[in-house]
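Nothing in this text is a laboratory measurement; each read-out follows from the coordinates by a stated rule. Here the structure is a predicted model, which is why all the values come from computation and not from measurement. Note that we place each Cβ from the backbone using ideal geometry, even for glycine, and neighbour counts take in every protein chain shown.
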Amino acid sequence: MTTPESLPALLAEHAELERKLADPAVHADQALARRLGRRYAELSRIAETAHQLETTQGDLATARELAGEDQSFAAEATELATREGALQDKLRELLVPRDPNDGKDVILQIKAGEGGEGRGCSPATCCGCTCATPSGRAGRPRSSTPSSPTSAATRT
């Protein structure tokens, strides 16, 4: 695998953050410590995967070298090659730039649409759904005769 140019820089940043987080003076400023801790956690996954990949590549080279002498190493080399490919894919995925808004909170409002409990029936126009309007008609089927809008307005 060709190492992306950013990987050595990210690994150096991870080591620097680890050094900073070990300093008790950093923890006097909670906002700084929290920010550094978040970045360290992000980079830890990348550093761990890169380390696993490097170890797997070394083991694979050794297994291929010894495969001529012992067949069990040939089988291990095949297994390690598969693991190497999976680790390369995982590292590639981890190195994809993140959206800057990923860490922010989101407020999602869901509004009801047609039908169901969110229809907002009034006591005069309840459709017989399960909205439990004060009319006491909730859950009852509609009458077979449709009411006109004018008769519904005068029926209060």
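Structure summary
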| item | result |
| --- | --- |
| Nitroxide proxy distance, nm - points 7 Å out along Cα→Cβ at Gln30 and Asp99 | 3.0 nm |
| Residue-count net charge about Ala86 - beta-carbon cut-off 13 Å; Lys, Arg +1, Asp, Glu -1 | -1 |
| Those residues of region 92-112 whose amide nitrogen sits under 13 Å from the label point placed on Arg38, 7 Å along Cα→Cβ | 99-106 |
| Ala86 paired with Lys111, simple spin-label distance in nm, labels 7 Å along Cα-to-beta-carbon | 4.7 nm |
